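Chemist: Here it is, the structure in full.
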Amino acid sequence: MRDVRVGGTTVRGTPARSIVAPGDLAEAAAVLGDAASRGDAVAFLGGGTELGLGYAPSRVDVLVKTAHLCRVVEYAPADMVVEVEAGITLAAMQRALAPHRQRLALDAPYPELATIGGLVATNAFGPRRLRFGTFRDLIVGVSMIRADGERVRGGGKVVKNVAGFDLPKLAVGSLGTLGMIATATFRLHPVPEVARAIRVGACGADGLVALTRATIANRLEPAAFVATRDAASGTYEAHVLFEGFDAGVAEQIARFATIAEAQGLTSESLGDGERPGALDEAARTHGDVRVRISVPPGDFVAFERDALAPLANVLGDARAIVYPPLGIAFVSGYATGVPATIAALQGARRAVEALHGNLVLTDVRDPALGDAVDPYGTVPPSFFLMQRLKERFDPARRLNPGRFLGGL
Amino acid sequence: MKTLPIPDRDVAIFRELAGVVGPGRTIVDLAELRTYECDGLAGVRVRPLAVVLPETTEEVAGVVRVAAAHGIPIVPRGSGTGLSGGALPVPGCLLVVLSRMTRILAIDLENQRMRVQPGVINLDVTRAIAADGYYYAPDPSSQSVCSIGGNIAENSGGAHCLKYGFTVNHVVAATVVLADGRVVTVGESASDPLGYDLIAAVVGSEGLVGIVTEAVVRILRVPELTRTFFATFPSTDEAGACVSEIVAAGIVPAAVEMMDTLAIEAIVKATGVDWPLDVGAALLMDVDGTRAEVEHTAGAAVEIARAAGAIEVRTPKSDAERALMWKGRKGAFAAMGRISPNYYVQDGVIPRSQISTVLREIAAVTASEGLRVANVFHAGDGNLHPLVLYDARVPGEEHRAETVAGKILQICIRYGGSITGEHGVGVDKAVYMGELFGDADLETMNFVRCTFDPERTFNPGKVFPTPRLCGDVPGAYAPHAVEATGVGRG
Ligand SMILES: Cc1cc2nc3c(=O)[nH]c(=O)nc-3n(C[C@H](O)[C@H](O)[C@H](O)COP(=O)(O)OP(=O)(O)OC[C@H]3O[C@@H](n4cnc5c(N)ncnc54)[C@H](O)[C@@H]3O)c2cc1C
């Protein structure tokens, strides 16, 4: 075990008193057990790509780095299931699956850096979410190290399983506040024969909604449907990805182009199937103010007018990528003065919450902004249950204390 | 007829219940209660203290408060088709039957959401939107009778969950009445919910966390094209290999169901489908999606089936013929009555690649007890449904059937699988939970239950192998500054 003390490593501004990188899961369990006996607060560090989420933890006595926990525990290609340790990066895992033409159908940003543990803990996703869902749709098993150092597991290694409470899904998005994700088991999908993208545009928000509706009405089944916003004109370009067998993809691309044409939009076929993913990453990892927004997709025009556009217009060099069929948007850019940015973020949140959606700050560099604008906004009515859940899992509240929603 | 006097406490409870739900919706008559003494796990019967039939969330909350005041356990019940005893009453309980809460509250096609009461029958969700070209994906074989509330509690699956997922993937929000009568909504109908995934705690909770009185489900656009084919094989070995090869070819079928000789025989006798009786196994498969994609994959799958040794491949010539094929499959459990006086439905999961091997082991175990087993199951995801056939009139057979059913679960565990893929643990499989999971795993799952129901009012004695108390939360829980000051500064 390498016990490294690095000055200056912080979690949302809270300095870590010590950093430990366990060499295997048994060591990791020992680290958590020791921390429990000393009453130390523990936080977890994977690739460090999502450290901007949430509140500053009230203290971090031990920062557990998962860097050395990067084994593929079990891969059964015939069953299309893989179990990996939390510290493996998404890209490294995909490389292990590639020889069998299989993949985890999830395309979160920074695949070379982001670890599975960190991605699961933050419920990360990318454009392919449209077709394949999020981690909650792909995870079939989890093993965790509890606050008391006990190793436990839930789910299993078969794709269908209803035995017991669903610990794997509870781990998804729990931001290291219920336990350390030690390993995760996923159902896999085949790598498609072809993946081709098409670009359509430019159009306004209403045109984008019409295009989305026509796609659904015509029963096309894109793997991803995202749109980028041009900051100068406020118009959108849609980038739509189709995956499958050659004949099927060719047909869908042709039909989609026809749909776009019927709406007076030009389209351009793109060979590079990764384009929506690349655009997504570029927009989401940009600037010093980043937010993720979720609203009902049916209200997209109102959302765009009342929340997205006003926010983007205030940020410097603003970028936005939206997932119109899912009602998701990522907006990023540079803060242009603290008061103006605070007002814009708060205004956008009010508009989003009025539509029964939510706006989450995924990264805000300036502490003055972070102090003034809540990272999550209004907590849901079930928050008292979340508090009770946290109490059961981590009664002394030592795991990432206070980092998550409402200070969980 | 002489009747025993009803204890004063019970009289008081009955009166209070009648005050909550109005006249005629509390059942206390011993003869009438018989209907509710068991669910689909026939053979075990327990009489509840009373049955109540609420019609609104407020009534459910009122009923729960009556139970809380008197310290009596509550068992929720939907249509009572569960196969693991989830809705089996516990002695002295209040059985809260949701079958009158059958209203569809809202349909929002644009956002692909539907808000329903828990007593709505699964198939009625799809029926309400079929004309608009939408459907509700989870399709248990019992879909014409089972309720959405029961589906949520069991995280029910169906033939098409291979591609489309289970109930948990299609429920986005639920209103739950907790043990103290408090009503809470978990999840978010409109957007990505913030915080822990409480929907995952409620879906699949087998009635242990509260009573679901409303749910928002996701509805899907009906795929442009569905191709179905039915293929017969000399044995389950070739059929199993066929499934593996289809999947290895990069095809994700919407459904792949397998039936063995005995199952085919029963289905033919019961439903009149013209399937051949002299084959070892049959596969019924759907591929769906966009036109050219489906034409391609269906063609490829049929070729694979032939190469894998199919005796015959049939494709339905009409929607009616297709529907008949599926009717045959979905009626399979009930069809067992044609070949055996009694049968026990087992539900276990194994890695898909082990199907042939495991089926052979199951056959051997069954034969060693002098019984027969029919297999009809979701082959695509390795979810076995061995039907252990027996005759309860023959002394000892029922017991031997139980022995076989138990050994089947142990085989599933040994192959790295699970003791239930969709029917739940209930009372029936609680003892096997300790074989599948360690004590600390179960303790952790109990954290979830205790979060919702610390007094264990709901469905006590189910799921967990040994009674687990919730206990007080050890240690002092010091709220974080954000929590203490109130949250959401905007
Ligand atoms: C012939 C047949 C075929 C079947 N095929 C399938 C299949 O293909 N796939 C599958 O998954 N299952 C199948 N089942 C099992 C069964 O139909 C499902 O488990 C179904 O979801 C049960 O619904 P129900 O309304 O009958 O619930 P019930 O049996 O009444 O209850 C089931 C559980 O849910 C709880 N419950 C019910 N309503 C609520 C509520 N509102 N709030 C909280 N808890 C509640 C009960 O306490 C109980 O624990 C089959 C059953 C039969 C008899």
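The values are calculated or read from the model by the stated rules, or taken from the named source; none is laboratory data. Since the structure is predicted, the reported quantities are computational estimates derived from the model, not experimental observations. All Cβ positions, glycine included, derive from the backbone under ideal geometry; neighbour counts span all protein chains shown.
Chemist: Restricting attention to the stretch B:196-207, does a residue exist that is over 26 Å from B:Gly150 (Cβ atoms) and more than 16 Å from the ligand (Cβ to nearest atom)?
Modeler: No, the stretch B:196-207 contains no residue that is over 26 Å from B:Gly150 (Cβ atoms) and more than 16 Å from the ligand (Cβ to nearest atom).
Chemist: Go through the residues of the stretch A:160-168 one by one and say whether even a single one is within 23 Å of A:Ala283 (Cβ to Cβ) and aromatic (Phe, Trp, Tyr).
Modeler: No, the stretch A:160-168 has no match at all.
Chemist: Could you please find all residues in the stretch B:438-473 being more than 16 Å from the ligand (Cβ to nearest atom) and not in a loop (DSSP other than H, G, I, E, B)?
Modeler: Those that are more than 16 Å from the ligand (Cβ to nearest atom) and not in a loop (DSSP other than H, G, I, E, B): B:Asp439, B:Ala440, B:Asp441, B:Leu442, B:Glu443, B:Thr444, B:Asn446, B:Phe447, B:Cys450.
Chemist: Is it the case, given these coordinates, that B:Ile152 is without any contact (Cβ under 8 Å) to a residue 60 or more places away in the chain, on the phi < 0 side of the Ramachandran plot, crowded, with 21+ Cβ neighbours inside 10 Å and not in a strand (DSSP E or B)?
Modeler: no
Chemist: Let me ask something additional. Can you give me the number of residues within the stretch B:136-171 that are within 11 Å of chain A (Cβ to nearest Cβ) and more than 7 Å from the ligand (Cβ to nearest atom)?
Modeler: Of the residues in the stretch B:136-171, 11 are within 11 Å of chain A (Cβ to nearest Cβ) and more than 7 Å from the ligand (Cβ to nearest atom).
Chemist: Now for a different question. Here are some conditions: (1) within 14 Å of chain A (Cβ to nearest Cβ); (2) outside any strand (DSSP E or B); (3) buried (at least 23 other Cβ atoms within 10 Å of the Cβ). B:Glu110 meets all but one. Which one does it not meet?
Modeler: (3)
Chemist: Only one of these conditions is not met by A:Leu369: (1) hydrophobic (A, V, I, L, M, F, W, C); (2) assigned to a helix (DSSP H, G or I); (3) touching a residue at least 60 places away in the same chain (Cβ under 8 Å); (4) within 7 Å of chain B (Cβ to nearest Cβ). Which number is it?
Modeler: So the condition that A:Leu369 fails would be (4).
Chemist: Based on this model, can you work out whether B:Gly416 counts as more than 16 Å from the ligand (Cβ to nearest atom), within 10 Å of another protein chain (Cβ to nearest Cβ), not in a helix (DSSP H, G or I) and not aromatic (Phe, Trp, Tyr)?
Modeler: Judged against the criteria, B:Gly416 is a match.
Chemist: Among the residues in the stretch A:28-40, are any surrounded by 15 or more Cβ atoms within 10 Å (Cβ to Cβ) and assigned to a loop (DSSP other than H, G, I, E, B)?
Modeler: Yes: the stretch A:28-40 contains one or more residues that are surrounded by 15 or more Cβ atoms within 10 Å (Cβ to Cβ) and assigned to a loop (DSSP other than H, G, I, E, B).
Chemist: Continuing with the same structure: State which residue pairs qualify: first residue more than 14 Å from every other protein chain (Cβ to nearest Cβ) and under 14 Å from B:Val256 (Cα atoms) and inside the stretch B:312-333, second residue within 12 Å of the ligand (Cβ to nearest atom) and among the β-branched types (Val, Ile, Thr) in any location, beta carbons under 8 Å apart, and separation of 6 or more residues or different chains.
Modeler: B:Arg329/B:Val376
Chemist: Name, by its number, the condition in (1) surrounded by 21 or more Cβ atoms within 10 Å (Cβ to Cβ); (2) small (Gly, Ala, Ser); (3) closer than 16 Å to B:Gly250 by Cβ; (4) more than 14 Å from chain A (Cβ to nearest Cβ) that does not hold for B:Ala281.
Modeler: Here B:Ala281 meets the rest and fails (3).
Chemist: Ok, one more. Run down A:Ala210, A:Ala182 and say which single residue is in the same structural domain as A:Gly244 (by TED's automatic domain parsing) and either modelled with pLDDT of 95 or more or not in a helix (DSSP H, G or I) (or both).
Modeler: A:Ala210
Chemist: Can you tell me which residue within the stretch B:65-87, out of those that are within 8 Å of the ligand (Cβ to nearest atom), of a type outside the set (Gly, Ala, Ser) and in a loop (DSSP other than H, G, I, E, B), is nearest to the other protein chains (Cβ to nearest Cβ)?
Modeler: B:Leu83
Chemist: Could you tell me which residue of the stretch A:214-245 is farthest from the other protein chains (Cβ to nearest Cβ), considering only residues that are charged (D, E, K, R) and touching a helix residue (DSSP H, G or I) at 6+ places or on another chain (Cβ under 8 Å)?
Modeler: Among those residues, the one meeting the criterion is A:Arg229.
Chemist: Identify, from the list B:Gly380, B:Gly396, the residue that is surrounded by fewer than 24 Cβ atoms within 10 Å (Cβ to Cβ) and not assigned by TED's automatic domain parsing to the domain that holds B:Leu83.
Modeler: B:Gly396
Chemist: Continuing with the same structure: Being among the small types (Gly, Ala, Ser) and touching a residue at least 40 places away in the same chain (Cβ under 8 Å) narrows it down to one residue among B:Gly348, B:Gly250, B:Gly272; which is it?
Modeler: After applying the criteria, what remains is B:Gly348.
Chemist: Could you go through the stretch B:440-455 and let me know if any residue there is of a type in the set (Gly, Ala, Ser), at positive phi and touching an Asp or Glu at 6+ places or on another chain (Cβ under 6 Å). Before the answer, list the steps.
Modeler: Here is the first cut: in the stretch B:440-455, the ones of a type in the set (Gly, Ala, Ser) are B:440.
Now drop any that are not at positive phi, which leaves none.
No: the stretch B:440-455 contains no residue that is of a type in the set (Gly, Ala, Ser), at positive phi and touching an Asp or Glu at 6+ places or on another chain (Cβ under 6 Å).
Chemist: Here are B:Gly62, B:Gly85: which of them is touching a helix residue (DSSP H, G or I) at 6+ places or on another chain (Cβ under 8 Å), buried (at least 19 other Cβ atoms within 10 Å of the Cβ) and outside the structural domain of B:Tyr344 (by TED's automatic domain parsing)?
Modeler: Only one candidate passes the filter, namely B:Gly62.
Chemist: Could you please give the count of residues in the stretch B:342-386 that are within 14 Å of chain A (Cβ to nearest Cβ), among the hydrophobic types (A, V, I, L, M, F, W, C) and over 18 Å from the mean Cα position of the chain (by Cα)?
Modeler: 2
Chemist: Then there's this: If only one of B:Glu422, B:Glu435 is within 14 Å of the ligand (Cβ to nearest atom) and either aliphatic (A, V, I, L, M) or at pLDDT 95 or above (or both), which one is it?
Modeler: Among B:Glu422, B:Glu435, only B:Glu422 is within 14 Å of the ligand (Cβ to nearest atom) and either aliphatic (A, V, I, L, M) or at pLDDT 95 or above (or both).
Chemist: Could you run through the stretch B:20-35 and say how many residues are over 13 Å from B:Leu95 (Cα atoms), surrounded by 12 or more Cβ atoms within 10 Å (Cβ to Cβ) and out of contact with any helix residue (DSSP H, G or I) (no Cβ under 6 Å at 6 or more places or on another chain)?
Modeler: Number of matching residues: 1.
Chemist: Just to check your reading of the model, which residue among A:Leu63, A:Leu32, A:Leu45 is hydrophobic (A, V, I, L, M, F, W, C) and modelled with pLDDT under 95?
Modeler: Checking each option against the conditions leaves just A:Leu45.
Yes/no matrix, rows are residues, columns are (1) at pLDDT 95 or above; (2) touching a His at 6+ places or on another chain (Cβ under 9 Å):
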position	(1), (2)
A:Ala262	yes, no
A:Leu279	no, yes
A:Asp306	yes, no
A:Leu326	yes, no
A:Thr336	no, no
A:Arg350	yes, no
A:Val364	no, no
A:Ala368	no, no
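Chemist: Turning to a different aspect of this structure: Go through the stretch A:235-253 and give me each residue that's over 19 Å from A:Gln263 (Cβ atoms), not aromatic (Phe, Trp, Tyr) and not in a strand (DSSP E or B).
Modeler: Correct list: A:Asp246, A:Ala247, A:Gly248, A:Val249, A:Ala250, A:Glu251.
Chemist: Does the stretch A:71-105 hold any residues that are more than 14 Å from chain B (Cβ to nearest Cβ) and touching a residue at least 24 places away in the same chain (Cβ under 8 Å), and which are they?
Modeler: Across the stretch A:71-105, the qualifying residues are A:Val72, A:Val84, A:Glu85, A:Ala86, A:Gly87, A:Ile88, A:Thr89, A:Leu90, A:Ala96, A:Leu104.
Chemist: Let me spell it out: the conditions are (1) over 31 Å from the mean Cα position of the chain (by Cα); (2) under 15 Å from B:Val252 (Cα atoms), and B:Ala301 meets all of them except one. Which number is the exception?
Modeler: Result: B:Ala301 passes all but (1).
Chemist: When the stretch B:419-448 is examined, which residues are found to be under 19 Å from the mean Cα position of the chain (by Cα), touching a residue at least 40 places away in the same chain (Cβ under 8 Å) and either within 9 Å of another protein chain (Cβ to nearest Cβ) or surrounded by fewer than 23 Cβ atoms within 10 Å (Cβ to Cβ) (or both)?
Modeler: Residues satisfying the conditions are B:Ile419, B:Thr420, B:Gly421, B:Glu422, B:His423, B:Gly424, B:Val425, B:Val427, B:Lys429.
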